[in-house]
1. Any idea which of (1) farther than 30 Å from residue 397 by Cβ; (2) free of Cβ contacts under 8 Å to residues at least 12 places away in the same chain; (3) not hydrophobic (A, V, I, L, M, F, W, C) is the one residue 277 doesn't satisfy?
2. (1) at pLDDT 95 or above; (2) out of contact with any helix residue (DSSP H, G or I) (no Cβ under 9 Å at 6 or more places or on another chain): which one isn't true of residue 298, the others all being true?
3. Look through region 269-285, keep the residues that are surrounded by fewer than 17 Cβ atoms within 10 Å (Cβ to Cβ) and among the hydroxyl-bearing types (Ser, Thr, Tyr), and return whichever of them is farthest from residue 296 (Cα to Cα).
4. If you take the residues in region 30-59 that are among the charged types (D, E, K, R) and within 17 Å of residue 89 (Cβ to Cβ), which one is surrounded by the most Cβ atoms within 10 Å (Cβ to Cβ)?
5. Inside region 1-44, counting only strands (runs of 3 or more DSSP E) that do not spill past its ends, which hold 3 or more residues that are under 30 Å from residue 255 (Cα atoms)?
6. Filtering region 64-93 down to residues that are farther than 21 Å from residue 54 by Cα and part of a loop (DSSP other than H, G, I, E, B), which residue is least open to solvent (accessible area, probe 1.4 Å)?
7. Please enumerate the residues belonging to region 376-390 that are in a helix (DSSP H, G or I) and either touching a residue at least 12 places away in the same chain (Cβ under 8 Å) or surrounded by 14 or more Cβ atoms within 10 Å (Cβ to Cβ) (or both).
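The values are calculated or read from the model by the stated rules, or taken from the named source; none is laboratory data. Fair warning: this is a prediction, and the values are worked out from it, not measured in the lab. Glycine gets a Cβ as well: all are built from the backbone with ideal geometry, and neighbour counts include every protein chain shown. Ligands, DNA and RNA are stripped out before the accessible areas are found, and what is left, the full protein with its side chains, is counted by its heavy atoms. Shrake-Rupley method; radii C 1.70, N 1.55, O 1.52, S 1.80 Å.
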Amino acid sequence: MLSKILSAGLLGIEPKLVEVETDVSQGLRTFKIVGLPDKAIEESAQRINSVLKYAGFTAPQSKSFKVLVNLAPADIKKEGSLYDLPISIGFLISSQQIKTKPLNKTLIVGELSLTGEVKPIKGALLFSILAQKLNLEEIILPKQNAKEAAILKGVKVIGVSNIKEAIKYIEGKINIEPEVNDTREILSKQLSYEIDISQIRGQYVAKRALQIAAAGMHNIFFEGPPGSGKTILAKSIVSILPPLSEKEAIELTQIYSILGQVPKEGIVYQRPFRNPHHTSSEAAILGGGNPIKPGEITLAHKGVLFLDEFPEFHRDVLESLRQPIEDGRITIARSKERFEFPANFMLIIACNPCPCGYYISDQKECVCSINQIQKYRKKISGPIMDRIDLFVKFKPIKHEDITKEPDLSETQKIKSGVEKAREIQKERFKNENFEYNSEIPLKLINKYCKIDKESDNLLKKFMDSGKLSARGYHRVLKVSRTIADIEGSEEITIEHTAEALNYRIFEE
């Protein structure tokens with residue numbers, strides 16, 4: 001007898017429908033799975049045999065069953081162990097051991113342990129989205145993944161703990177209440193942060209630069225001696241970023257679902273802050289591997305990617321960042337496949353001025369030779385620096401700053417400026433295909449970044465003296481626009497332009 005169960009698999013970040021066709025007949029005892037299965041799927045035969053035996057059913061290898069399972073479409077490689085549950089149910093139907101309700105509107109995924117427990121899988125939200133797209137009525141999946149799948153409305157999500165429960169449900173012998181997940185309540189809850197920007201003493205110029213960067217999604221560069229607060233200030237940015245919208249949260253959850261890293265609440269509710277170590281490989285940063293998985297730049301989508309000790313990263317990794325920083329996405333090509341992952345992040349870079357960290361410092365004498373300093377600074381990728389909007393030079397923190405009582409209201413003051421600027425940009429760019437001031441294309445700069453005569457004269461003076469390049473000129477205009485938005489000003493004034501210029505001349 002032939003049966004067909006609807007299941008699904010992942011191709012990069014895209015969910016694909018997989019039809020599990022099972023044919024059981026009498027003959028030489030065999031259990032064959034075809035349709036480009038990987039090793040984990042091929043091993044399903046052994047797991048399913050033990051599971052069904054312990055569950056009280058006649059297992060495939062208990063009688064002279066000739067079992068053929070086809071995973072269609074056959075030309076797409078199938079990976080993972082999430083087909084255990086649909087294959088088991090397909091076998092039981094085909095061997096006439098169970099009679100079920102019609103399953104042509106039901107998607108089934110799940111891995112099985114030898115005791116029959118349905119174990120969690122990766123990609124639950126993506127499968128729920130696929131079910132909605134295909135106008136299916138319900139999805140049956142592991143109980144642990146039910147909250148995640150339920151953040152998308154319109155599909156009945158049934159979480160099961162073991163194979164017996166799944167079988168009784170599809171036979172109609174028990175009723176399981178569909179999972180419900182109130183995402184708005186989760187996203188509206190007060191967040192706590194490991195490092196709050198109000199806890200950081202001194203470095204007021206750097207804090208202001210960080211506010212501007214967060215408000216317009218500008219890339220920012222920190223340079224200074226060890227212990228001056230570069231790393232801790234970068235990590236504090238999460239405390240001033242605006243909360244995720246429901247749309248952004250669902251988009252992020254899809255990404256983290258691929259890796260099985262969704263929080264227990266079933267949705268990613270906080271903007272990501274990714275801080276990879278400088279020894280990370282190109283595949284770890286950009287994405288790749290076998291099977292293809294998203295890298296750190298995709299996990300930082302809608303959030304922050306922090307590269308500490310920037311010159312120590314592999315040169316090829318840094319050069320490969322150019323395209324995703326510019327496009328907001330990363331394309332990974334293989335001989336037969338092409339994958340595209342989102343990667344719209346804010347970049348924070350931090351480094352020392354030299355290997356020892358005390359070049360041109362009043363605090364401590366530098367012990368590096370000229371050759372060492374030149375070699376170290378040559379590691380800083382020019383094309384990446386091309387894409388930086390704000391440059392901040394840190395100075396050692398003074399005693400009077402570090403002994404001051406922190407202003408606990410500072411975080412909210414800074415965050416309110418960021419949120420105000422983001423709201424202005426949301427309204428301004430509602431008819432454009434970009435969201436932030438940092439993304440304004442060259443052809444639209446004159447439209448959105450008009451400056452007054454005083455500002456124009458100031459920039460002309462610096463350009464004519466060679467202190468500001470054409471590239472720097474346009475970045476100053478974008479940063480000026482963000483500063484004006486923070487202040488709630490429709491016009492860009494000389495004060496806004498002068499402040500933006502102050503964060504640029506350091507690099508020029």
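1. (1)
2. (2)
3. Ranking the qualifying residues of region 269-285, first place goes to 279.
4. Taking region 30-59 as the starting set, the residues that turn out to be among the charged types (D, E, K, R) are 32, 38-39, 42-43, 47, 53.
After this cut, where a residue has to be within 17 Å of residue 89 (Cβ to Cβ) as well, the list is 47, 53.
Details: 47: 18, 53: 16.
So the residue we want is 47.
5. Values: elements: 2-11, 14-26, 30-34.
Because the criterion is at least 3 residues that are under 30 Å from residue 255 (Cα atoms), the strands (runs of 3 or more DSSP E) in region 1-44 that meet it are 2-11, 14-26.
6. Here is the first cut: in region 64-93, the ones farther than 21 Å from residue 54 by Cα are 68-80.
When the remaining residues are screened for being part of a loop (DSSP other than H, G, I, E, B), the result is 73-77, 79-80.
Details: 73: 53, 74: 58, 75: 124, 76: 51, 77: 106, 79: 65, 80: 25 Å².
Checked region 64-93; the qualifying residue least open to solvent (accessible area, probe 1.4 Å) is 80.
7. Here is the first cut: in region 376-390, the ones in a helix (DSSP H, G or I) are 376-378, 382-385.
Answer for region 376-390, where residues must be in a helix (DSSP H, G or I) and either touching a residue at least 12 places away in the same chain (Cβ under 8 Å) or surrounded by 14 or more Cβ atoms within 10 Å (Cβ to Cβ) (or both): 376, 377, 383, 384, 385.
One line per residue, one yes/no per condition, for (1) out of contact with any Gly (no Cβ under 6 Å at 6 or more places or on another chain); (2) aliphatic (A, V, I, L, M):
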{"residue": "12", "(1), (2)": "yes, no"}
{"residue": "18", "(1), (2)": "no, yes"}
{"residue": "39", "(1), (2)": "yes, no"}
{"residue": "60", "(1), (2)": "yes, no"}
{"residue": "66", "(1), (2)": "no, no"}
{"residue": "69", "(1), (2)": "yes, yes"}
{"residue": "75", "(1), (2)": "yes, no"}
{"residue": "83", "(1), (2)": "yes, no"}
